[in-house]
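One structure is given below, encoded as structure tokens.
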Amino acid sequence: MSKAIRLHKQGGPEVMVMEDVEVGEPGPGQARVRHNACGLNYIDVYHRSGLYPLPMPSGIGMEAAGVVEAVGPGVTNVKQGDRVAYASGPVGAYAEVRLMAADRLVNLPDRLSFEQGAAMMLQGMTTQYLLKRTYKVQPGDTILIHAAAGGVGLIACQWAKALGATVIGTVGSDEKAALAKSHGCDHAIVYTRENFTERVKQITGGALLPVVYDSIGKDTFVGSLDCLRPMGMMVSFGNASGPTPPFDSSMLASRGSLFFTRPSLVHYTAKREDLVASAKDLFDIVLSGKVKIEVRQRYALKDAVQAHRDLEARKTTGSTLLVP
């Protein structure tokens, strides 16, 4: 038997319960993975709360790293004993052991720890597609990253800086501003006391930005649009403050023929070759030292309820792990 966090209904953090589950042997195309560390991400809150509906009962969690215990028929990309990591559905990563589709696993380089693997796969591959595929950041670009002290934010600040960009970030406190600046953010705007749109105009001398990366949603949507120069791109990739409200497309036209996209890691890594390429790009930049993956909070797996409470209360920064 394995311990796992399960949902029997969607709602607040208290709906998560630890249970014994029977994992069994891997079937065709599957691998059984024993987790050393599990990642905590804001999408887990969406799954738990019901913003993203799940069939009940359900596991929860999208990301983990560990060791392959066994493989099923037809599996060739991993073998027993391999160190692996993943950031993919189906949900169920909050567990000691689970079965996974083997083609969703990537081999974790020996120089990277299990904790690094579990802390960076979802956030790091999200950063990879945001900066290098959704809008290709170029040397000399000035960009805005909301929640710059968060999990994606700290990775994105470092990676964008390595690409030659000037990075503006929004944060909720002076402490988070200092953290973001120490990770490559050139201008940290404390949104609780500053109007980020006006500050962007000041920083850019009125030139505005080619792209805004917005994981906040409802509270920042219009302000983010107002930070963009003509034909700039609004990248909405999260809803921490609530879903982006419905809007009239004329809002994009009136601000200068803006582009709007709502991307998802699921689609950017749907093909095995894209998943492998994205993970390799992430591993390479971390191994180069240009992007550092720092685990800033650790919780025992049994304490997932408290971890979710702290995440939603914005008490966490950077990457957070659940440890089986």
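The values are calculated or read from the model by the stated rules, or taken from the named source; none is laboratory data. The shown structure was predicted, so the numbers you read here are calculated from the model rather than taken from an experiment. Virtual Cβ from ideal backbone geometry, glycine too; neighbours counted across all protein chains shown.
For this structure, a couple of remarks:
- Taken over region 152-181, the criterion of being assigned to a strand (DSSP E or B) and within 14 Å of Ala240 (Cα to Cα) is satisfied by Thr170, Val171.
- Residue in region 111-118 that is over 19 Å from Leu301 (Cα atoms), among the polar types (S, T, N, Q) and part of a helix (DSSP H, G or I) present: no
- Residues of region 11-47 classified as under 20 Å from Ala119 (Cβ atoms), modelled with pLDDT of 95 or more and not aliphatic (A, V, I, L, M), total: 7
- Selected residue (criterion: surrounded by the fewest Cβ atoms within 10 Å (Cβ to Cβ)) from residues of region 49-83 that are within 20 Å of Ala119 (Cβ to Cβ) and touching a helix residue (DSSP H, G or I) at 6+ places or on another chain (Cβ under 8 Å): Arg83
- The residues on offer are Asp281, Asp226, Asp310, and the sole one that is in contact with a Ser or Thr (Cβ under 6 Å, 6 or more places away or on another chain) and within 27 Å of Asp141 (Cβ to Cβ) is Asp226.
- Failed item in (1) under 26 Å from Ala85 (Cα atoms); (2) surrounded by fewer than 20 Cβ atoms within 10 Å (Cβ to Cβ), with Met231 passing the rest: (1)
- Among the residues making up region 132-151, those that are in a helix (DSSP H, G or I) and surrounded by fewer than 24 Cβ atoms within 10 Å (Cβ to Cβ) are Lys132, Arg133, Thr134.
- Of all residues making up region 182-226, the number that are part of a helix (DSSP H, G or I) and within 20 Å of the chain's Cα centre (by Cα): 2
- Of the residues making up region 260-300, those that are of a type in the set (Lys, Arg), over 18 Å from the mean Cα position of the chain (by Cα) and surrounded by 12 or more Cβ atoms within 10 Å (Cβ to Cβ) are Arg272, Lys290.
- If only residues of region 89-99 that are closer than 9 Å to Gly61 by Cα and of a type outside the set (A, V, I, L, M, F, W, C) are counted, the one that is modelled with the lowest pLDDT is Gly89.
- Ala207 being in the same structural domain as Gly238 (by TED's automatic domain parsing), among the small types (Gly, Ala, Ser), crowded, with 24+ Cβ neighbours inside 10 Å and within 28 Å of Leu252 (Cβ to Cβ): no
- Look at (1) at pLDDT 95 or above; (2) among the hydroxyl-bearing types (Ser, Thr, Tyr); (3) within 16 Å of the chain's Cα centre (by Cα) and you find that Ser319 fails only one, number (1).
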